[in-house]
Amino acid sequence: MSDRTRDDETKQFSQEYTDDDFLEAIRECPVPSTGEIAEAVGCYRKTVLKRLGELEKQGEVGHKKVSGKAKVWYIDDE
C-alpha cells in the first residue's frame, strides 16, 4: 500500500515533488535528459514527462529530441 496522502476534497494524491525540484534538476544535470532528471529528482520517467510537459505548456521549459524518443530539457528563459 502506498504511503502517499490523498486530498479528501479532490480525491487526488498530493504531489510529492515541486516544480522547483524539476527545474533545479535541469539546471544541475550536465545533459538534462528525461532519465537524468528522473534520477536527480528521485521519481519515475513518466512523472518527469508529465510534470515537464505541464511546465512546457506554461512556457517554463522546452525540450529537444536528440534521438528516437530521447529528450533533452532546458529552461526556456535562460
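Give me the residue from segment 54-70 that is assigned to a strand (DSSP E or B) and either touching a residue at least 40 places away in the same chain (Cβ under 8 Å) or in contact with a Leu (Cβ under 8 Å, 6 or more places away or on another chain) (or both) and, out of that set, farthest from Thr18 (Cα to Cα).
Residue satisfying both the conditions and the ranking: His63.
For segment 21-68, which residues satisfy the criterion of being of a type in the set (Val, Ile, Thr) and out of contact with any Ser or Thr (no Cβ under 7 Å at 6 or more places or on another chain)?
In the first step, residues of segment 21-68 are kept if they are of a type in the set (Val, Ile, Thr); the result is 26, 31, 34, 37, 41, 47-48, 61, 66.
Of everything in segment 21-68, those that are of a type in the set (Val, Ile, Thr) and out of contact with any Ser or Thr (no Cβ under 7 Å at 6 or more places or on another chain) turn out to be Ile26, Val31, Thr34, Ile37, Val41, Thr47, Val61, Val66.
Output the number of residues of segment 14-49 satisfying the condition of being closer than 15 Å to Lys69 by Cβ and in a helix (DSSP H, G or I).
So the answer is 9.
Could you look through segment 28-78, keep only residues that are among the basic types (Lys, Arg) and exposed (fewer than 11 other Cβ atoms within 10 Å of the Cβ), and pick out the one that is nearest to the chain's Cα centre (by Cα)?
Taking the candidates together, the pick is Lys46.
All of the numbers you see were taken from the coordinates with simple rules; none came from a lab. Predicted, not measured: the structure shown is a model, and the values here were computed from it. Positions of Cβ are backbone-derived with ideal geometry, glycine not excepted, and every protein chain shown enters the neighbour counts.
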